[in-house]
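Derivation of every value follows stated rules applied to the coordinates shown; laboratory data play no part. Here the structure is a predicted model, which means the values were calculated and not measured. Methodologically, a virtual Cβ is constructed for each residue, glycine included, from the backbone with ideal geometry; neighbour enumeration extends over all protein chains shown.
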Amino acid sequence: MSGLQARKIGLFGGAFDPPHRTHVAVAQAALEQLGLDILHVVPTGFAWHKQRLLTAAEHRLEMCRLAFAVVDRAVVDDRETRRSGPTYTIDTLHELQAQYQGAQLYLIMGQDQAKALASWHHADELGRAAIICVASRAEVGTVAASADGSLPLHGSTLQPLQLPPSPLNATEIRDLLSRGQSVAPLVFESVARYIDQHHLYQAD
């Protein structure tokens, strides 16, 4: 499908350090519930907002390719890892606007990201560039309240995505790996093999 034919384009960004099953569930929910033509999965380049160093981009990109291979219409996009300096979501949205002229963009995120959205670079522009979609394990009516009023969305559209219950988060997965414990049930087998082969997330 060419850019001019695609009319509903999603952006799902994050560290993906590592990508796990809930990340994939969010992507599948976005494609199904929003009727997206394409979902760009965009690993962060230089994460200006994180206190820890991310795993090398080459590893996170390859793990994403393995994890999201099961998701039809999801494309792992390396554009942010190719930028020098800090990478900002608003810049990626502007690039997608130019790539898919006339398309409606959807910015996909979890509740934790939504709560911190007011601190994002040019946060006030995000809601004008895309419909912001927050993946939630709560009832539909509680999604907006979960943002604690921090969403900089005067006149912008907030749309919920419903997910099944899941306790997964990447921090806990990294902690398990650093202690030499298996994470095979939490990530796809191909990702677990890659982590093992490249000795990622091991304690120093």
Checklist line | Residues Ala69 and Asp175, FRET efficiency given R0 of 35 Å [Cβ-Cβ distance, rounded to 0.05] | finding: 0.85
Checklist line | Distance between modelled label sites at Glu32 and Glu189, nm, 7 Å Cα→Cβ extension | finding: 2.2
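Treat the count of other C-beta atoms within 10 Å as a stand-in for reagent exposure and order Leu163, Leu176, Leu31, Leu39 from fewest to most.
Values: Leu163 18, Leu176 14, Leu31 21, Leu39 26.
Going from least to most buried by this count: Leu176, Leu163, Leu31, Leu39.
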Margin query: Run the simple label-point estimate for Gln202 and Arg7 please: 7 Å along Cα→C-beta, distance reported in nm.
Written below: 5.3
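Report the extension gain between Ala56 and Leu158 in nm, rounded to one decimal, defined as 0.36 nm multiplied by the number of residues separating them, less their alpha carbon distance.
Working: separation 102, 0.36 × 102 = 36.72 nm, distance 3.26 nm.
The Ala56-Leu158 span can extend by a further 33.5 nm.
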